[in-house]
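Okay, so here's the structure we're looking at.
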């Protein structure tokens, strides 16, 4: 991630706070002034980040954005494959493959696994990435939770694993994951209980710029009465963004929770929706 991209993220993050506090749409001039930027510069920053105007972007960030997505871009997971909404190109045209680790690896707390980790810049702030030899097994976004809590959170998933700081080894797969090297496949290593794995697989079928509900996921995995358990499994997804738990919302249209902070969830959904509109 370049210095400009980092700068853009933090401008967007500050703008979200200002929009939330205002409670009503802000003009370009008012929002730019709160960012201590000229209107023209602020417009360029927004356009470079999402390809749409600040006015349009505020519409995506509105608190009822999830309801709009449910009306216009709701994905019924039972038919997603039939209509071509899932597949290798689902995530920013990247080739994503995944492999579930054996149930024993989860049950043993990761005993015998070597997990390499490093801190990286992402479009959504500081990201902690962890990987086994099979692929990325953890991705935490620390902008809201903080670096120390994010590290403790991911390490607690596999307490018996050996953790080795090794950002250089991870760099190629991280560049691929964040779209800076689109020719490299993104490999994921899913380590979880069988029920969690089913939920995470269902999340992978939700296309970028679309959402589904927790109840839809429960239906898709054959446990229609397990909506609450599905919500818990979504929240325990260790590979944020790549396994798009941010695309699961409440049936009422509320955003629901997000393990790494609701401002991050809103920013991700807004960016994906704007990108889809810009290319569509």
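The values are calculated or read from the model by the stated rules, or taken from the named source; none is laboratory data. Quick caveat: nothing in here was measured; it's all calculated off a predicted structure. In this analysis, Cβ positions are derived from the backbone assuming ideal geometry, glycine residues included, and neighbour counts consider all displayed protein chains.
Among 234, 199, 211, 249, which is the only one that is touching a strand residue (DSSP E or B) at 6+ places or on another chain (Cβ under 6 Å), modelled with pLDDT of 90 or more and either more than 22 Å from residue 129 (Cβ to Cβ) or crowded, with 19+ Cβ neighbours inside 10 Å (or both)?
234
Are there any pairs with C-beta distances below 6 angstrom linking a residue in the stretch 103-117 that is at positive phi to a residue that is surrounded by fewer than 19 Cβ atoms within 10 Å (Cβ to Cβ) and in a loop (DSSP other than H, G, I, E, B), with the two at least 6 apart or on different chains, and if so which?
Between residues of the stretch 103-117 that are at positive phi and residues that are surrounded by fewer than 19 Cβ atoms within 10 Å (Cβ to Cβ) and in a loop (DSSP other than H, G, I, E, B), the close pairs are 109/159; 109/160; 110/160.
Please verify whether the stretch 263-277 includes one or more residues that are closer than 22 Å to residue 98 by Cα, under 11 Å from the mean Cα position of the chain (by Cα) and either loosely packed, with under 15 Cβ neighbours inside 10 Å or at pLDDT 80 or above (or both).
yes
Filter the stretch 187-196 down to residues that are under 16 Å from residue 137 (Cα atoms) and either at pLDDT below 85 or surrounded by fewer than 19 Cβ atoms within 10 Å (Cβ to Cβ) (or both), then give me how many there are.
So the first thing to find is which residues in the stretch 187-196 are under 16 Å from residue 137 (Cα atoms), and the list is 187-194, 196.
Restricting the remaining residues to those that are either at pLDDT below 85 or surrounded by fewer than 19 Cβ atoms within 10 Å (Cβ to Cβ) (or both) gives 193-194.
Summing the residues that are under 16 Å from residue 137 (Cα atoms) and either at pLDDT below 85 or surrounded by fewer than 19 Cβ atoms within 10 Å (Cβ to Cβ) (or both) in the stretch 187-196 gives 2.
Among the numbered criteria (1) touching a helix residue (DSSP H, G or I) at 6+ places or on another chain (Cβ under 8 Å); (2) at pLDDT below 90; (3) not assigned by TED's automatic domain parsing to the domain that holds residue 39, which single criterion is violated by residue 54?
(3)
Do we find that residue 127 is within 14 Å of the chain's Cα centre (by Cα), under 25 Å from residue 257 (Cβ atoms), not assigned by TED's automatic domain parsing to the domain that holds residue 13 and not in a loop (DSSP other than H, G, I, E, B) in this structure?
yes
Which condition breaks for residue 98 when tested against (1) more than 24 Å from residue 8 (Cα to Cα); (2) modelled with pLDDT under 95; (3) touching a helix residue (DSSP H, G or I) at 6+ places or on another chain (Cβ under 6 Å)?
(3)
Looking at residue 72 and the list (1) closer than 29 Å to residue 254 by Cα; (2) surrounded by fewer than 17 Cβ atoms within 10 Å (Cβ to Cβ); (3) modelled with pLDDT of 70 or more, which single condition is not satisfied?
Result: residue 72 fails condition (3) only.
Which condition number in (1) modelled with pLDDT of 95 or more; (2) part of a strand (DSSP E or B); (3) under 23 Å from residue 271 (Cβ atoms) is the one that residue 120 fails?
Single failed check for residue 120: (1).
How many residues are surrounded by fewer than 23 Cβ atoms within 10 Å (Cβ to Cβ), touching a strand residue (DSSP E or B) at 6+ places or on another chain (Cβ under 9 Å) and under 16 Å from residue 171 (Cα atoms) if we restrict to the stretch 123-137?
The total comes to 6.
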